[in-house]
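Structure record follows, encoded as structure tokens.
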There are 2 protein chains.
Amino acid sequence: MQFAKWTEVAQASVTREILKITQQPGVISFAGGVPAPELFPVEELTRAFAEALTDAQSSLQYTVTEGLPALRESVAGLMTERGVNCSADDIALIHGSQQGLDLVARLFLEPNDLVLVEETTYHGAVLAFNPHGVRFLAVRMDDQGMDVEHLRELLQQERPKLIYCTPTFQNPTSVSLSRPRRQVLAQLAAEFEVPVIEDDPYFGLQYDGEPQPVVKSFDQEDQVIYVGSFSKILAPGLRLGWVVARPDLVSKLNIAQMGSTLHVGTLLQHAVQAYLQTGGLPGHIKTLCDAYRPRRDAMLSALESVMSEVGRWSRPDGGFFVWVRLLEGFSSSRLLEAALAEKVAFVPGDAFYAAGGARDNCLRLSFSTPNVKEIEEGFTRLRHGLTQIKGTRIR
Amino acid sequence: MQFAKWTEVAQASVTREILKITQQPGVISFAGGVPAPELFPVEELTRAFAEALTDAQSSLQYTVTEGLPALRESVAGLMTERGVNCSADDIALIHGSQQGLDLVARLFLEPNDLVLVEETTYHGAVLAFNPHGVRFLAVRMDDQGMDVEHLRELLQQERPKLIYCTPTFQNPTSVSLSRPRRQVLAQLAAEFEVPVIEDDPYFGLQYDGEPQPVVKSFDQEDQVIYVGSFSKILAPGLRLGWVVARPDLVSKLNIAQMGSTLHVGTLLQHAVQAYLQTGGLPGHIKTLCDAYRPRRDAMLSALESVMSEVGRWSRPDGGFFVWVRLLEGFSSSRLLEAALAEKVAFVPGDAFYAAGGARDNCLRLSFSTPNVKEIEEGFTRLRHGLTQIKGTRIR
């Protein structure tokens, strides 16, 4: 048995490994980045699955790879509300946004290709791109997201195959790309004819201010491939997402899908379409925002009270995370050790650098699953952990 | 935008394209090869999904990539009944057997690698292997399945990375590999250290005689990767299957799965586990066999009465298909044209040759979806079609 080369460097996702630790009793987890399970619209989904099963001869059968036309239309409708002028022909259905990254990677990437990613990026994307034996190069980021002038330089110097970007409430930093930069990103993609994957799982989970238009809405030359997901706004255990791209690319994605999972589960498609038809999604998203907003606020207050001497962080408008940068002299791995001893978990920032440059000084803290009381209790524990390591220098 | 090379030769599956035609009203389809939808265990699955949703905080949430331990144990139990000594650690869960082929391909295949396939083979496997830029070489087949002496010669001459094989009621021929050859296949895989994918979606759908032990049961050296599926014995719209392999390979499959769909839908896993716990599967499989057996018999009678002057076919013990080889001078593409004019569909044999060697003289006829009356009516139409083309020579 001789394995393909990429498997030698393959490793499990750190965040998913930490997920296992956090399932131990008594642990307060700021690690997961998963949606709050008590907020799942259980009754509505139960009705939706029951309804889908009333037409079981269709909903339990194989279906065409492109998927249920009605669901593709509903998704196109969601995208139109997000400012993207599209129809069912522009939509490919996928088993979670992860599969979108995988299928797009398959269409473009070959050994030694270069992929541009943000300085910190979603590890799952790296997992989807790695099997193709590609190289990563990081575009610098600041508090407005990807530095598009650095991107321009890289596009002039290198010949990347793909730009991967999470412009809204990025996992891990929660930074959002500013509106002017969104426009520039779309223009650069067109100018250099390099496709951009816009990965957008947190769209809608906005707690203050107005949503930025998605990058795809500035995409005059059809170079942006938008990947959306029901995982955060409905439920991740369903595994349903979508891609918006020009129809010839959607056709190619469907051919790749035939080789991957053949199609997205028919029952799942029927059930989510039944749910969307009730018109309940916007109200549900509002419920989610009203539940996550106080958690974010509680975390920001607790950070202020516990960590102002050891780190700096930004105030996210949405998403699931606060990204903390520790001050000179503090180590995130040492802090994680102390935190785990106190039964608090988070993900150290190192896990999110695909192209090097990681320093042992950042933390990703998620406020999505613990409630306000747990957040407060978690920070009380963290305060205690901090007293153990105060002044510990990075080795 | 520059696509990867493999996409230039990529084409949609012929059978899935024909599926679209068969959805037109009035068409009698022997083309599909999909399970009979009226046999889906709808009430049982409706209960199972409702039950899974009573624990929605788990069943709608992300889960570990390896999947629900209880479901993996149930699947290991199914495999133990099939003569494979295994436990939950040997099981990887997948979104349909198609994803198993995809993930295994990803672990082994690199550009220009050689894959050995049976002379006729499942087109979906070709779709899963193609993105890796591999070459295919065909192992000869006869009415006992793959010619293992030819396989030995090829293993001596070439250095294949993988052997792909559908030993039981093969799609498209319904031929099963004989018991002695199963043993030899497992021995050859061990001797040459080349992994075998045993793709087994029709297991259990056996209408006469005793089931052959699966190739995996002869696998002393852990070279066989078994891919199973709930699509034919439960419902394909669920998209659930499994892989049985040694634990280190299961770990690697799970890393590949993290990059593909992250994990199999949690709700789906909970629901199928709820169904399996009722103990209803063996009885349901018996119901399926009792329904498919008369359809197969009707098709064999109709063939005898309509096609004995134009072709030869074997008598399948199970599965969904009869494979017809037309006599010298008859063309399957010409017959398909005439059949479609009479509103009967089938898949011409050419679609199933991955490594060349196709001649315009075979048909795959499926008896799984039409009932006995429709099969008889379909052959009445085919008889009429045949009178149109009698004596038409292959160009």
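Bear in mind that the values in this text are calculations on the coordinates, not laboratory data. Every value quoted in this text rests on a predicted model; they were computed, and no experiment measured them. Methodologically, a virtual Cβ is constructed for each residue, glycine included, from the backbone with ideal geometry; neighbour enumeration extends over all protein chains shown.
Would you mind computing, in nm to one decimal, how far apart the modelled labels at A:GLN144 and B:ASP143 are, each placed 7 Å from Cα along Cα→Cβ?
Label at A:GLN144, label at B:ASP143, 7.7 nm between them.
Roughly how far apart, in whole Å, are the Cα centres of region B:263-320 and region B:102-123?
27
Whose amide H sits under 5 Å from the amide H of A:TYR62, counting only residues 5 or more places off or on another chain, with H placed in the peptide plane?
B:GLY237
Provide the per-residue ³J(HN,Hα) series for region B:105-110, in order, calculated from phi with Karplus coefficients 6.51, -1.76, 1.60 and θ = phi - 60°, each as a whole number of Hz, with x at glycine and proline positions.
Taking θ as phi minus 60°, the curve returns 4, 5, 6, 10, 8, 9 Hz for region B:105-110.
With +1 on each Lys and Arg Cβ and -1 on each Asp and Glu Cβ, and nothing else charged, work out how big the dipole of the protein assembly as shown is about its Cα centre, in Debye to the nearest 20.
140
Taking chain A as a Gaussian network, Cα atoms linked when under 10 Å apart, which of A:GLN57, A:GLN183, A:GLN206 shows the biggest mean-square fluctuation?
Looking only at A:GLN57, A:GLN183, A:GLN206, the largest GNM fluctuation is found for A:GLN57.
Could you give the length gained by full extension between A:ASN112 and A:ASP290, i.e. 0.36 nm per residue of separation minus their alpha carbon distance, to one decimal place?
Numbers: separation 178, 0.36 × 178 = 64.08 nm, distance 4.54 nm.
Full extension of this stretch gives 59.5 nm more.
Quick one: what Rg and Dmax do you get for region B:207-335 from the alpha carbons, in Å?
For region B:207-335, the Cα radius of gyration and maximum Cα-Cα distance read 19.9, 54 Å.
Output the 0 to 90 degree angle, nearest 10, between the alpha-carbon long axis of helix B:372-389 and the longest principal axis computed from the alpha carbons of chain B.
50
Output the 0 to 90 degree angle, nearest 10, between the alpha-carbon long axis of helix B:281-307 and the longest principal axis computed from the alpha carbons of chain B.
20
Whole-Å semi-axes of chain A's equivalent ellipsoid, largest first, each the root of 5 times a Cα gyration tensor eigenvalue?
Computed over chain A, the values are 33, 26, 20 Å.
Given axes a ≥ b ≥ c from the Cα gyration tensor, I'd like to know whether region A:145-248 is rounded (a/c under 1.5), prolate (a/b larger than b/c) or oblate.
The shape class here is prolate.
Consider all pairwise Cα distances in region B:307-358 and report the whole-number % of them above 12 Å.
Every Cα pair in region B:307-358 considered, those over 12 Å come to 71 percent.
Calculate, in nm to one decimal, what B:GLU81 and B:ARG312 gain on full extension: separation in residues at 0.36 nm each, minus their alpha carbon distance. Show your work: numbers first, answer last.
On the way: separation 231, 0.36 × 231 = 83.16 nm, distance 3.54 nm.
Residue separation times 0.36 nm, minus the Cα-Cα distance, leaves 79.6 nm.
Per-residue mean of other chain beta-carbon atoms within 10 angstrom of the beta-carbon, peptide B:229-241? All intermediate terms of the calculation are to be shown ahead of the outcome.
Working: counts 0, 0, 3, 0, 0, 1, 8, 8, 17, 6, 11, 1, 1.
Taking all residues of B:229-241 together, the mean is 4.
Can you give the average number of partner chain beta-carbon atoms within 10 Å of each beta-carbon in peptide A:108-117, as a whole number?
That average works out to 2.
Scan region B:112-212 for GluC sites (Glu not before Pro) in coil per DSSP, keeping those whose Cβ has at most 16 other Cβ atoms within 10 Å, and list them by number.
Working: sites: B:GLU118, B:GLU119, B:GLU149, B:GLU153, B:GLU158, B:GLU191, B:GLU193, B:GLU198; in loops: B:GLU119, B:GLU158, B:GLU193.
Answer in residue order: B:GLU158, B:GLU193.
For the pairs A:LYS5/B:LYS5; B:LYS232/B:LYS286; A:LYS5/B:LYS252; B:LYS5/B:LYS252; A:LYS161/B:LYS5, note any where the Cα-Cα span goes beyond 18 Å.
Working: A:LYS5/B:LYS5 20 Å; B:LYS232/B:LYS286 13 Å; A:LYS5/B:LYS252 12 Å; B:LYS5/B:LYS252 26 Å; A:LYS161/B:LYS5 13 Å.
Going by Cα-Cα distance, A:LYS5/B:LYS5; B:LYS5/B:LYS252 fall outside the 18 Å limit.
In µm²/s, what is D for region B:43-279 at 4 °C and 1.567 mPa s, where D = kT/(6 pi eta Rh) by Stokes-Einstein and Rh is the Kirkwood radius from Cα pairs? Working shown, then result.
Values: Rh = 18.1 Å.
Answer from the Stokes-Einstein relation: 72 µm²/s.
Suppose we keep just the DSSP beta bridges with both residues in region A:42-280; what percent of those would be antiparallel, to 5? It would help to have the intermediate numbers written out before the result.
Values: 10 of 25 bridges.
Within region A:42-280, antiparallel bridges account for around 40 percent of the total.
Cα gyration tensor of region A:251-297, axes a ≥ b ≥ c as square roots of the eigenvalues: rounded (a/c below 1.5), prolate (a/b > b/c) or oblate? Intermediate results must be reported in sequence, preceding the final value.
Values: a/c = 3.87, a/b = 2.05, b/c = 1.89.
Because a/c hits 1.5 or more and a/b exceeds b/c, region A:251-297 counts as prolate.
Averaged across B:184-196, how many Cβ atoms of other chains sit within 10 Å of each residue's Cβ atom? Numbers along the way, then the final one.
Details: counts 0, 0, 0, 0, 0, 1, 0, 0, 0, 2, 2, 3, 0.
For this peptide, the per-residue mean of nearby foreign Cβ atoms is 1.
Grab the other residues whose beta carbon is less than 11 angstrom from that of B:PRO348, score K and R as +1, D and E as -1, and report the net.
With Lys, Arg at +1 and Asp, Glu at -1, the net is 0.
Calculate for chain A the 222 nm mean residue ellipticity that helices alone would give, adding -39,500 (n - 2.57) per DSSP H run of length 4 or more and normalising by residue count, nearest 500 deg cm²/dmol.
Counting only the DSSP helices, I get -13000 deg cm²/dmol.
Under Stokes-Einstein, with the Kirkwood radius over Cα pairs standing in for Rh, what whole-number D in µm²/s applies to region A:38-162 at 25 °C and 0.890 mPa s?
It diffuses with D of about 137 µm²/s by this estimate.
What percent does the relative contact order of region A:42-280 come to when contacts are Cα pairs within less than 8 Å and at least six residues apart?
That works out to 30 percent.
If I histogram all Cα-Cα distances within the protein assembly as shown using bins 10 Å wide from 0, what percent of pairs lands in each bin?
3, 14, 23, 25, 19, 11, 5, 2, 0, 0
Taking the Cα centre of region B:43-279 as the origin, how large is its charge dipole in debye, to the nearest 20, when only Lys and Arg (+1) and Asp and Glu (-1) carry charge on their Cβ atoms?
Values: 17 positive and 31 negative charges, 80 e Å.
Rounded to the nearest 20 debye, it is 380 debye.
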